[in-house]
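In what follows, a structure is listed as structure tokens, so that the remarks can point back to it.
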Amino acid sequence: MKTELDSLATALYVKTDDLLKASPHLAPPRPAVGIAPRLSDAELVTLAVMQALLGFVSEARWLRHARAHLRHLFPYLPQQPGWNKRLRKSAGLVQHVIRVLATDTTLWTDDVWVVDSTPIECGRSRETAQRSDLAGWAQYGYCASHSRYFWGLRLHL
């Protein structure tokens, strides 16, 4: 797994670095004089995208994982407050890079999309179903994942 993780980090870094070199206006503004950041914008975005791709929702857990498994690729990893501050200031850049990465995949132009739905229960009793304002919209249905019937709507994603 280490090889695949290294390949992912390298490919993301190269793509992000090339994008930032081609469009330097995307990077967050910095004062002309001052201390240069020890973690470059390309490294920050690479780590942020990897966090999302690998499914880490906790930033503290992600930073611990990165210190344990990615230290040879990223010699400097900030502490959590510094990571939060830099990541929040670079939110627009991260969003732009994710969009560029998404448009590079074949899924972006694919005409077949997978749709999933989840039930949104609007009521449990028959009386509620009859006097609700959702009476014309909501219907009875069965949710296989919860193994139960429900009266309500389906949220499609």
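Going through the range 97-131 one residue at a time, which ones are in a loop (DSSP other than H, G, I, E, B) and either among the β-branched types (Val, Ile, Thr) or touching a strand residue (DSSP E or B) at 6+ places or on another chain (Cβ under 6 Å) (or both)? Of everything in the range 97-131, those that are in a loop (DSSP other than H, G, I, E, B) and either among the β-branched types (Val, Ile, Thr) or touching a strand residue (DSSP E or B) at 6+ places or on another chain (Cβ under 6 Å) (or both) turn out to be 105, 112, 114, 115. The set of residues from the range 58-80 being open to solvent by 20 Å² or more (accessible area, probe 1.4 Å), within 20 Å of the chain's Cα centre (by Cα) and of a type outside the set (Lys, Arg) comprises 58, 59, 60, 65, 80. Within the range 89-112, the residues that satisfy the criterion of being over 21 Å from residue 18 (Cβ atoms) and exposed (fewer than 10 other Cβ atoms within 10 Å of the Cβ) are 109, 110, 111, 112. Checked across the range 20-28, the condition of being touching a helix residue (DSSP H, G or I) at 6+ places or on another chain (Cβ under 9 Å), surrounded by 13 or more Cβ atoms within 10 Å (Cβ to Cβ) and either small (Gly, Ala, Ser) or modelled with pLDDT of 90 or more (or both) holds for at least one residue. For the range 132-154, filtered to residues that are open to solvent by 80 Å² or more (accessible area, probe 1.4 Å) and in a strand (DSSP E or B), the residue that is nearest to residue 17 (Cα to Cα) is 154.
Contact annotation: residue pairs with Cβ atoms under 6 Å, 6 or more positions apart or on different chains, pairing a residue in the range 48-76 that is farther than 12 Å from residue 9 by Cα with a partner that is open to solvent by 40 Å² or more (accessible area, probe 1.4 Å) and in a loop (DSSP other than H, G, I, E, B), are 62/56; 76/38.
Against the definition (touching a Pro at 6+ places or on another chain (Cβ under 7 Å) and in a loop (DSSP other than H, G, I, E, B)), how does residue 39 come out, yes or no? Before the answer, list the steps.
Working: touching a Pro at 6+ places or on another chain (Cβ under 7 Å): yes; in a loop (DSSP other than H, G, I, E, B): yes.
Yes; evaluated as a whole, the condition is true for this residue.
Counting the residues of the range 96-115 that are free of Cβ contacts under 8 Å to residues at least 24 places away in the same chain, of a type in the set (A, V, I, L, M, F, W, C) and under 24 Å from residue 42 (Cα atoms) gives 2.
The values are calculated or read from the model by the stated rules, or taken from the named source; none is laboratory data. This one's a predicted model, so the numbers in the text were calculated from it and none came from an experiment. With ideal geometry, Cβ positions are generated from the backbone for all residues, glycine too; neighbour counts draw on all protein chains shown. Surface accessibility is based on the protein's heavy atoms, side chains included, excluding ligands, DNA and RNA. Shrake-Rupley method; radii C 1.70, N 1.55, O 1.52, S 1.80 Å.
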